[in-house]
Amino acid sequence: MEKVIECVLLIDDDKVTNFYNKRVVSKINNFKEINTATNGQKALDYINNSKNGLCKKPDLIFLDINMPAMNGWEFIEEFKKIDTSFTSSIKIVMLTTSNSPEDYERSLTLDSVDDFINKPLSIDLLSNLIEHHYSIKIY
């Protein structure tokens with residue numbers, strides 16, 4: 001099967017979680033490149049660098065909500081300020097431990113957020129997400 005997602009960006013302040021998510025994502029052959037950022041600001045820097053051609057543009061972002069320095073909601077607010085001709089094709093999935101109905105409801109009000117799932121990431125969750133958002137069956 002062809003590569004359908006050139007670049008994934010994992011944004012989580014917990015390095016162990018990023019390591020684990022990177023391993024899960026790497027088990028599916030449809031992903032070519034996987035990058036990580038440990039906070040929202042580093043992720044914005046990455047996206048701005050990709051806009052300037054310094055690194056690969058992410059097609060899919062997994063975003064944690066609760067992070068120091070810049071949390072997921074703050075990241076979304078700054079992300080929305082980036083030129084939409086560049087960002088409109090980027091899918092953002094909130095990947096969180098939050099069971100707060102308010103967080104879920106808030107995610108539904110944001111056009112930038114394409115999905116909201118609870119940790120831990122798994123092959124099944126990832127496969128369902130790809131099928132839903134990219135219309136491609138993994139298994």
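The values are calculated or read from the model by the stated rules, or taken from the named source; none is laboratory data. Bear in mind that the values here come from a model prediction, so they are computed numbers and not experimental data. Cβ placement follows ideal geometry from the backbone for every residue including glycine, while neighbour counts extend to all protein chains displayed.
For this structure, a couple of remarks:
- Neighbours by Cβ (under 6 Å, 6+ apart or cross-chain): first from the stretch 87-98, under 15 Å from residue 10 (Cα atoms); second polar (S, T, N, Q) and surrounded by fewer than 20 Cβ atoms within 10 Å (Cβ to Cβ): 92/112
- Index of the failed condition, residue 67 passing every other in (1) under 17 Å from residue 79 (Cβ atoms); (2) at pLDDT below 95; (3) among the aliphatic types (A, V, I, L, M); (4) surrounded by fewer than 20 Cβ atoms within 10 Å (Cβ to Cβ): (4)
- Within the stretch 1-34, being buried (at least 16 other Cβ atoms within 10 Å of the Cβ) and of a type in the set (Asp, Glu) holds for 12, 13.
- Selected residue (only one of 60, 54 is modelled with pLDDT of 95 or more, surrounded by 13 or more Cβ atoms within 10 Å (Cβ to Cβ) and hydrophobic (A, V, I, L, M, F, W, C)): 60
To keep it simple, each residue is scored yes or no on (1) under 13 Å from the mean Cα position of the chain (by Cα); (2) within 22 Å of residue 17 (Cβ to Cβ); (3) among the β-branched types (Val, Ile, Thr); (4) modelled with pLDDT under 95.
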site	(1), (2), (3), (4)
76	yes, yes, yes, no
80	no, no, no, no
99	no, yes, no, yes
107	no, yes, no, no
116	yes, yes, no, no
132	no, no, no, yes
136	no, no, yes, yes
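- Test: residue in the stretch 35-51 that is within 17 Å of residue 134 (Cβ to Cβ) and crowded, with 17+ Cβ neighbours inside 10 Å: no
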